[in-house]
Amino acid sequence: METRIGSETVYKGSLITVRVDDVKLPDGRRTRREVVEHPGAVGIVAMNPAGNVLLIEQYRYAVGRTLLEIPAGTIEAGESPEESARRELLEETGYRAGELTEIGSFFVSPGWATEEIVLYRAGALSHTGHAPDHDEILRVVEVDPARIPVLMRDGTIADAKTIIALRMDSAYAE
């Protein structure tokens, strides 16, 4: 175990906080750790009544390209991961989930970030119309499940949460 002996917040934004911790290692030496605090997120693997996987096409500024991803988003204060998943699915796709099953979770980059993404499979979907966040420009893309492995190989699906979620959901694993 490493023991935190001091901490300084060096940045506080609307989504993340960055802190630098002074820590004591198990052998007594001291070092520093930079940590990005994030409230956590959810991702949803959803298949519509026609049998297609619902993916979101969205430009991602940080990487400078448009990506095809599962519906996902940050857990808001006071929300459980399941509540966040239901809200994000509705906001991004316009579908309400009659069934929501947790399929796993993972840490995005545990060497320097606290973010954990909880993954769900959504079923018994009913369409009600979507209302993305004010800063989101996205398009819902319906994908035949048989195309998922091809889209992963050719780089069309290139973000970790989507690849992990689709691999964890046995219906899309090769």
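Each reported figure results from applying straightforward, stated rules to the coordinates on display, with no laboratory input. No experiment lies behind these values; they were computed from the predicted model shown. Note that we place each Cβ from the backbone using ideal geometry, even for glycine, and neighbour counts take in every protein chain shown.
Just want the ordering: MET168, MET1, from fewest to most Cβ atoms lying within 10 Å of their own Cβ.
Numbers: MET168 17, MET1 6.
With the fewest neighbours first, MET168, MET1 line up as MET1, MET168.
Can you sort VAL23, VAL53 so the residue with the fewest Cβ neighbours within 10 Å comes first? Display every interim value, and only then the final one.
On the way: VAL23 16, VAL53 21.
Result, fewest neighbours first: VAL23, VAL53.
So, with +1 on the Cβ of K and R and -1 on the Cβ of D and E, and no other charges, what is the size of the charge dipole of the chain about its Cα centre, to the nearest 20 debye?
That gives a dipole near 480 debye.
Provide the gained length on full extension for the span ARG153 to VAL141, in nm with one decimal, where the gain is 0.36 nm per separating residue minus the Cα-Cα distance. All intermediate terms of the calculation are to be shown ahead of the outcome.
Details: separation 12, 0.36 × 12 = 4.32 nm, distance 1.80 nm.
Full extension from ARG153 to VAL141 adds 2.5 nm.
At R0 = 30 Å, how high is the FRET efficiency between VAL18 and GLU57 if r is their beta carbon distance? Nearest 0.05 is fine.
0.50
Where the only charges are on Cβ atoms (+1 Lys, Arg; -1 Asp, Glu), what is the dipole of segment 35-118 about its Cα centre, to the nearest 20 debye?
300
Give me ARG29, ARG60, ARG167 ranked fewest to most by other Cβ atoms within 10 Å of their Cβ, as a rough exposure proxy. Write down the numbers at each step before the final one.
Numbers: ARG29 8, ARG60 12, ARG167 15.
In increasing order of surrounding Cβ atoms, one gets ARG29, ARG60, ARG167.
In degrees from 0 to 90, rounded to the nearest 10, what is the angle of the helix 81-93 Cα long axis to the longest principal axis of the chain?
The angle comes out at about 50 degrees.
Say the dipole of the chain comes from +1 at the beta carbon of Lys and Arg and -1 at that of Asp and Glu; which of LEU55, ILE164, GLY73 then lies farthest toward its positive end?
About the Cα centre, the residue reaching furthest to the positive side is ILE164.
Per residue of the chain, what 222 nm ellipticity follows from adding -39500 (n - 2.57) for every DSSP H run with n ≥ 4, rounded to the nearest 500?
About -4500 deg cm²/dmol.
What is the dipole size for segment 1-61, taken about its Cα centre, with +1 at each Lys and Arg Cβ and -1 at each Asp and Glu Cβ, in debye to the nearest 20?
180
Amide H neighbours of ILE56 under 5 Å, counting only residues 5+ apart in sequence or on other chains, H built in-plane at 1.01 Å?
Here GLU69, ILE70, VAL141 satisfy the definition.
In whole angstrom, how far apart do the alpha carbon centroids of segment 1-33 and segment 101-163 sit?
Each part reduced to its Cα centre gives a spacing of 31 Å.
Return the Cα extents of the chain along principal axes one, two and three, sorted largest first, each rounded to a whole Å.
For the chain, the Cα spread along each principal axis is 59, 34, 32 Å.
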